[in-house]
Amino acid sequence: EALALSVPCNGNMYLVPAFSGLFCPHWKSSARGCIVGLTATHSKAHIVRAALEASAFQAKEVFDAMIIDSQVNLLENLRVDGGATANKFLLQFQADLLNVPVIRPKYLETTAMGVAYGAGLAVGLWTLSDLKEKWKQDRVFSPTMPEAVRVRNLKGWSKAIKRSLEWTEEDD
């Protein structure tokens with residue numbers, strides 16, 4: 001996180017992590033990972049920042065696909081969990097791209113907790129209202145990115161995605 005924050009922006013450089021192709025919404029197994037826009041002025045900090053940003057760009061694409069497919073946009077905020085949510089830069093960038101607040105819980109690693117809660121629900125140990133009381137908010141990341149910057153970032157990501165496509169032949 002500190003390294004990503006040591007540069008003010010990605011410098012118009014993008015990392016597309018299509019190591020096994022691109023999935024939703026592109027569905028292109030022939031795509032490959034790439035770094036585009038790299039110049040002599042970029043540093044490892046730019047690459048780290050671009051890698052973190054890529055995660056947020058990919059999530060944005062999935063949410064956009066869900067909205068298009070369902071013709072419903074109910075995304076008023078995004079609750080997150082897991083190890084990556086410890087990265088404040090990533091969560092702020094995600095809030096900025098989605099243009100909705102991103103809410104981080106007090107307990108970041110909730111997968112195992114969710115399994116335990118599900119089992120507890122199944123045997124009557126807890127009710128849904130009990131579990132709602134157990135969830136505690138740590139921090140809200142509110143969007144702060146100006147619209148023009150968001151549009152420029154998304155345009156750059158889209159351009160980078162196009163560069164990654166059809167890198168291999170289907171029969172390679």
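The values are calculated or read from the model by the stated rules, or taken from the named source; none is laboratory data. Just so it is clear, the structure is predicted and the values come from calculations on it, not from any experiment. All Cβ positions, glycine included, derive from the backbone under ideal geometry; neighbour counts span all protein chains shown. The accessibility values were calculated without ligands, DNA or RNA, using every heavy atom of the protein model including side chains. Shrake-Rupley method; radii C 1.70, N 1.55, O 1.52, S 1.80 Å.
Identification of helices (runs of 4 or more DSSP H) wholly contained in region 70-148 with 2 or more residues that are touching a residue at least 24 places away in the same chain (Cβ under 8 Å) yields 88-98.
Of the residues making up region 12-23, those that are assigned to a loop (DSSP other than H, G, I, E, B) and open to solvent by 50 Å² or more (accessible area, probe 1.4 Å) number 3. Residues that are modelled with pLDDT under 95 and under 21 Å from the mean Cα position of the chain (by Cα): does region 115-126 have at least one? Taking every residue of region 115-126 in turn, none turns out to be modelled with pLDDT under 95 and under 21 Å from the mean Cα position of the chain (by Cα). The one condition from (1) open to solvent by less than 50 Å² (accessible area, probe 1.4 Å); (2) closer than 19 Å to Gly156 by Cβ; (3) assigned to a loop (DSSP other than H, G, I, E, B) that Arg32 does not meet is (1).
For region 1-22, residues that are hydroxyl-bearing (Ser, Thr, Tyr) and free of Cβ contacts under 8 Å to residues at least 12 places away in the same chain total 1. Residues that are open to solvent by 50 Å² or more (accessible area, probe 1.4 Å), among the hydrophobic types (A, V, I, L, M, F, W, C) and free of Cβ contacts under 8 Å to residues at least 12 places away in the same chain are absent from region 42-65 altogether.
Checked against (1) acidic (Asp, Glu); (2) outside any helix (DSSP H, G or I); (3) modelled with pLDDT of 95 or more, Asp64 meets all criteria but (2). Screening region 124-172 for residues that are of a type in the set (Val, Ile, Thr) and within 28 Å of Ala18 (Cα to Cα) and picking the one that is surrounded by the most Cβ atoms within 10 Å (Cβ to Cβ) gives Ile161.
When region 1-11 is filtered for residues that are assigned to a loop (DSSP other than H, G, I, E, B) and under 18 Å from the mean Cα position of the chain (by Cα), the ones remaining, listed by number, are Glu1, Cys9, Asn10. Restricted to region 92-123, and to residues there that are open to solvent by 70 Å² or more (accessible area, probe 1.4 Å) and hydrophobic (A, V, I, L, M, F, W, C), the residue that is farthest from Gln58 (Cα to Cα) is Val123.
Scanning region 152-172 for residues being out of contact with any strand residue (DSSP E or B) (no Cβ under 7 Å at 6 or more places or on another chain), assigned to a helix (DSSP H, G or I) and over 15 Å from Gln58 (Cα atoms) gives a total of 1. Restricting the first member to region 24-40 and to residues that are within 12 Å of Asn10 (Cα to Cα), and the second to residues that are open to solvent by 70 Å² or more (accessible area, probe 1.4 Å) and of a type outside the set (A, V, I, L, M), the beta-carbon pairs closer than 8 Å and six or more apart or on different chains are Val36/Lys159; Val36/Arg163; Gly37/Asn12.
So, Thr39, is that one among the hydroxyl-bearing types (Ser, Thr, Tyr), outside any strand (DSSP E or B) and buried (at least 19 other Cβ atoms within 10 Å of the Cβ) or not? So Thr39 does not fit the description; no. Would you call Leu108 touching a helix residue (DSSP H, G or I) at 6+ places or on another chain (Cβ under 6 Å), modelled with pLDDT under 90 and of a type in the set (A, V, I, L, M, F, W, C)? Spelling it out, Leu108 is indeed touching a helix residue (DSSP H, G or I) at 6+ places or on another chain (Cβ under 6 Å), modelled with pLDDT under 90 and of a type in the set (A, V, I, L, M, F, W, C).
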